[in-house]
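Visitor: Handing you this structure, nothing more for now.
The numbers here are math on the coordinates, done by the rules we state, and not lab data. The shown structure was predicted, so the numbers you read here are calculated from the model rather than taken from an experiment. So basically every Cβ, Gly included, is an ideal-geometry build from the backbone, and we count neighbours across all protein chains shown.
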Amino acid sequence: MAEILEKRPLTPITRLYRVDAPLVAKSAQPGQFVIVRVRDGGERIPLTIADYDRDAGTLTIVVQEVGTTTRYLGQLDVGDDILDLVGPLGMPLEIPVKGHIVGIGGGFGAAALLCLMRELRQRGDTTTIINGAREKDLLILNDELAGVCDNLELCTDDGSAGFHGLVTERLAQLIDGDGPGRPDMVIAIGPMLMIRAVTETTRGKDIPTLVSLDPLMIDGTGMCGGCRVTVDNEVKFACVDGPFFDAHQVDFEEAVRRNKMYVRQEGESKNRTACRKLVVGQD
Amino acid sequence: MPVKRVQKTPMPERDAVLRSHDFKEVNEGYGIAHAQFEAERCLRCQDPICIDGCPVRVPIPEFIHQVAKGDMRAAAEILRRSNPLPAVCGRVCPQEVQCEEQCSIGIRFKPVAIGYLERFVADWEMEQPAVEIRANLHQDQKVAIVGSGPAGLVCAGELARLGYPVTIFEALHAPGGVLRYGIPEFRLPKNVLDWEIEQLKKLGVEIQCNVIIGKTITMDELMGEMGFSAVFIGTGAGLPSFLGIPGENLNGVYSANEFLTRVNLMHANDFPNADTPVMVGRRVAVIGAGNTAMDTVRTALRVGAEHGMIVYRRSDQEMTARVEEHHHAIEEGVEFHWLTNPVEVLGDEDGWVTGLRCVRMELGAPDDSGRARPVPIEGSEFVIPVDNVVLSIGNKPNPLLLQTTKGLASNKWGCLVVHDGTSETSRDHVFAGGDAVTGAATVILAAGAGKTAATEIHEDLRANS
């Protein structure tokens, strides 16, 4: 059980939660995730660790309410417990390259750059965050992100804030030397479409690129194999080998296809949440 | 006096057609009359070698004698003293290759139904008003157990009985390990498992779920600031193997672990009341012929498959499933493709499974395992149309603990290395047993390893106190 200490709306469907999880906070490292379950009979879903405070024993996660479990989670308030929370899972992110590191966050994915970019900046890298969304109101955590990196670049599809265009278009400009300049490494977290586009933007440009994959998972410990992805023609389990992989080696087509496996069931399940109120800890 | 009867008293079973559509237990269990009738067959040998066939050394003739006399309470106490999980073992042990294989009357007749009797006594106990068990944790040194599968549960139970405060750390949200996520309800009802775990808690065993040793807490923290004097690792073999054939990542291909976990742990059979779905089409092929494969194919029928198929490259003579499970699968209408080796999973343009390309095999000379080696018959390729493929070809030990723990030796298969004939790992006061050491084996061998390790931990701690 993990008590919710803070709950803050970031967009109409995105919320930030700070939860009491001292053991996980103590061992968490950038790039890792937790698995949560919010009710008896509930699913286990992976959520990226956005940030942690070892001293306070707290963990920050940012959740977009897109499915059954995230919607149930949205019904919980400060003082409620998340029924099950386990982690930290996955391999901590290892960044061998030193220099100018550009983290790209799309939608709620930007949250995961918090602890990562802070860490990289502390070890002496020059850090840039490109935070992108459809429109100004959907850009999240601008103040917090500005505090953990050297340059924060905002992008909106409609031009309502920052650069008018996609994150990949801004990235291309950086690669050409604009603004904070050419990245020595790129790390992308966000929707599959975005990380795939980032991957194509850096391909062949000699810029090592890591992407965070979010396949379907159950246990998160390597036990089920449901999260298998093909990287460099080898089958990997995203939960124990990832979730970050060398973007240029990822078989995205397969990853996209596998994530759609339960679209029909997800819809059926989600429709029920609209009329079902979560009673904490019960069916 | 023992009564000579050639046959075992049969186990009452639910009708195959009815049961193959629900998850209620297949074997209904002996009543008192069956049990006493069967118990009378035991010869009470002076030198009961049946006990040698039991990895946890249950004093078999003693408890059976009490059953014959009608003193079920005494039988239950004898059983529980030697085996903390009798209701589980009575259901899932392969008795035919263990205690019952040794049974003296088995030489001429059918052996005594030791497993059925064990289950009967445990079930009898479960139905009685709870007896108060008082925990007596008088030892100063506490022990951590990693994993709440059969090895961990038995080790914990033994140590608690010896007076040690024991904490089990479990990665999943519910305890039991493979007994929870792997073995289906129709073979091991989860209320039986819950009851057994409740008994251990009464003994003082503490269970912390949602903690992954090696991730949430490291081994060093466990033995350092957290103050555990010894650790038992019973993390099992929970990393599924795949064949490495083309098409294995198509939509609709599962590992048996994933398929069974979705149903057993996450209750996908109750979707959408439960939130986790499982994808089952009309035709499901399960590759492999062990107990897990039988569990998987029978589960597939219960969640809606019209055709459940076993595809195995050897013949029924070489399969590793228990005879009883094979028999139950046949009764429930499972189709068997023996001597059939899958070479490719076929899919449609959207990436969904449509078929399994196979090649027919014939048996050649014995291989390393002593079983006849299957050899492909040239030009015999054919396609079985299927909607799902589930791989049940074994598991390797889980690497999580090894990734972050210094000084733990493992072999090339990822199994923990223990000193000859003991449970001691390469790290002081760290012991291991079950599938994490042997690679995938059986519940009872894991339970036996847990029990042996408990004794060794007791000796180790006494020497160091």
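Visitor: Can you list, bin by bin at 10 Å, the percent of alpha carbon pairs in the range A:100-212, starting at 0?
Guide: Reading upward from the zero bin: 16, 54, 29, 1.
Visitor: Filter the GluC sites (Glu not before Pro) in the range A:90-198 to those in DSSP coil with at most 13 other Cβ atoms within 10 Å of their Cβ, and list the result.
Guide: Answer by residue number: A:Glu94, A:Glu135.
Visitor: Can I ask one more? Under 16 Å from a point placed 7 Å out from the Cα of A:Val235 along the Cα-to-Cβ direction: which residues of the range B:360-396 have their backbone N that close?
Guide: B:388-396
Visitor: How much of the pair distance distribution for chain A lies past 29 Å, counting alpha-carbon pairs only, in percent?
Guide: 30
Visitor: Provide Rg and Dmax in Å for the range A:9-66, with only Cα atoms included in the calculation.
Guide: 11.8, 33
Visitor: Could you go through the range B:266-278 in sequence order and give the Karplus-derived ³J(HN,Hα) for each residue, using 6.51 cos²θ - 1.76 cosθ + 1.60 with θ = phi - 60°, rounded to whole Hz, and x for Gly and Pro?
Guide: 9, 6, 4, 5, 9, 4, x, 5, 8, 8, 8, x, 9
Visitor: Return a whole-number percent for the relative contact order of the range B:242-393, with Cα pairs under 8 Å and 6 or more residues apart as the contact set.
Guide: 29
Visitor: How large is log10 I(q)/I(0) at q = 0.19, 0.20, 0.26 Å⁻¹ when the Debye formula is applied to the Cα atoms of the range B:22-63, each weighted equally and without solvent?
Guide: Normalising to I(0) and taking log10 leaves -0.74, -0.77, -0.93.
Visitor: Here is a further query. Quick one: grab Rg to one decimal and Dmax as a whole number for the range B:108-256, Cα atoms only, in Å.
Guide: Rg, Dmax (Cα atoms, Å): 18.7, 59.
Visitor: Exposure proxy check: A:Arg71, A:Arg54 ranked by fewest other beta carbons within 10 Å?
Guide: A:Arg54, A:Arg71
Visitor: Which loop-located GluC sites (Glu not before Pro) does the range B:323-399 contain, where loop means any DSSP state but H, G, I, E or B and the Cβ has at most 16 other Cβ atoms within 10 Å?
Guide: B:Glu349, B:Glu378, B:Glu381
Visitor: Right, here's the next one. Treat the count of other C-beta atoms within 10 Å as a stand-in for reagent exposure and order B:Ile207, B:Ile49 from fewest to most.
Guide: Least crowded to most crowded, the residues run B:Ile49, B:Ile207.
Visitor: Using only the Cα atoms of the range B:242-393, each taken as one equal point scatterer with no solvent, compute I(q) by the Debye sum, divide by I(0), and report log10 of the ratio at q = 0.14, 0.16 Å⁻¹.
Guide: -0.65, -0.85
Visitor: Shifting gears a bit: Tell me whether the range A:178-283 comes out rounded, prolate or oblate; compute the Cα gyration tensor, take square roots of the eigenvalues as a ≥ b ≥ c, and use a/c under 1.5 as the rounded threshold.
Guide: prolate
Visitor: Another one. If you take the square roots of the eigenvalues of the alpha-carbon gyration tensor of chain B and sort them as a ≥ b ≥ c, do you get rounded (a/c under 1.5), prolate (a/b over b/c) or oblate?
Guide: Note, shape of chain B comes out oblate.
Visitor: Going by how many other beta carbons lie within 10 Å of each one, how would you line up B:Arg119, B:Arg108, fewest first?
Guide: B:Arg108, B:Arg119
Visitor: Also: Whose amide H sits under 5 Å from the amide H of B:Cys209, counting only residues 5 or more places off or on another chain, with H placed in the peptide plane?
Guide: Close amide H contacts, sequence-distant or interchain: B:Glu170.
Visitor: Still on this structure: Does a label point 7 Å from the Cα of A:Asn142, set along Cα-to-beta-carbon, have any residues of the range A:8-41 with amide nitrogen under 20 Å, and which are they?
Guide: Under 20 Å, as judged by backbone N against the label point of A:Asn142, lie A:8-16 of the range A:8-41.
Visitor: Write down the percent of antiparallel bridges among all DSSP beta bridges whose residues are both part of chain A, to the nearest 5.
Guide: 60
Visitor: When the helix-only estimate is applied to the protein assembly as shown (DSSP H runs of n ≥ 4, each -39,500 (n - 2.57), divided by the residue count), what is the mean residue ellipticity at 222 nm, nearest 500 deg cm²/dmol?
Guide: -8500 deg cm²/dmol
Visitor: Take each uninterrupted DSSP H stretch in chain A, measure its Cα extent along the helix axis, and return the ones at 18 Å or beyond whose mean Kyte-Doolittle hydropathy is at least 1.6.
Guide: none
Visitor: Under 22 Å Cα-Cα from B:Lys8, which lysines qualify once same-chain neighbours fewer than 8 residues away are excluded?
Guide: The qualifying lysines are B:Lys69, B:Lys110.
Visitor: B:Glu344's amide H: which non-local residues (gap 5+, or another chain) put their own amide H closer than 5 Å, with H modeled 1.01 Å from N in plane and none for Pro or chain starts?
Guide: Amide H to amide H, under 5 Å and 5 or more residues apart or across chains, B:Glu344 pairs with B:Arg357.
Visitor: Among the listed pairs A:Lys260/B:Lys396; B:Lys24/B:Lys202; A:Lys26/A:Lys270, which have their C-alpha atoms separated by more than 32 angstrom in this model?
Guide: A:Lys26/A:Lys270, as the Cα separations exceed 32 Å there.
Visitor: Run through the DSSP bridge list for chain B and note the antiparallel percent, rounded to the nearest 5.
Guide: 40
Visitor: To check you understand DSSP bridge types, tell me what percent of the beta bridges within the protein assembly as shown (both residues inside) are antiparallel, rounded to 5.
Guide: Looking only at bridges with both residues in the protein assembly as shown, the antiparallel portion is about 50 percent.
Visitor: Pairs B:Lys142/B:Lys190; B:Lys215/B:Lys412; B:Lys142/B:Lys406; A:Lys7/A:Lys136: which are spaced more than 27 Å apart, C-alpha to C-alpha?
Guide: B:Lys142/B:Lys190
Visitor: At what distance in nm do the modelled label points of A:Arg182 and B:His21 sit from each other, each positioned 7 Å from its Cα along Cα→Cβ?
Guide: With each label point 7 Å from Cα toward Cβ, the separation is 6.9 nm.
Visitor: Can you give me the distance in nm between label points at B:Trp413 and B:Arg371, each placed 7 Å from the Cα along the Cα-to-Cβ direction?
Guide: If labels sit at B:Trp413 and B:Arg371, their model points lie 1.3 nm apart.
Visitor: At a Förster distance of 35 Å, what's the computed FRET efficiency of B:Gln7 paired with B:Phe242, Cβ-Cβ distance as r, to 0.05?
Guide: The value I calculate is 0.20.
Visitor: Please give the direction-averaged projected area of the C-alpha convex hull for the range B:16-127, in square nanometres with one decimal.
Guide: If I average the Cα hull's projected area over directions, I get 7.4 nm².
Visitor: Testing the spin-label approximation: label points 7 Å from Cα along Cα→Cβ at A:Arg54 and B:Val131. State their distance in nm.
Guide: 5.0
Visitor: Kindly state, to the nearest 0.05, the FRET efficiency for B:Ile32 paired with A:Arg264, given R0 = 41 Å and r defined as their beta-carbon distance.
Guide: Efficiency, from the Cβ-Cβ distance: 0.25.
Visitor: Would you please state the base-10 log of I(q)/I(0) at q = 0.17, 0.20, 0.28 1/Å for the range B:298-342, with intensities from the Debye formula using one equal scatterer on every alpha carbon?
Guide: Log10 I(q)/I(0), no solvent term: -0.48, -0.65, -1.09.
Visitor: Follow-up question, since we're still on this one. From the mean inverse distance of alpha carbon pairs (Kirkwood) and the Cα radius of gyration, derive Rg over Rh for the protein assembly as shown.
Guide: Computed over Cα atoms, the ratio is 1.00.
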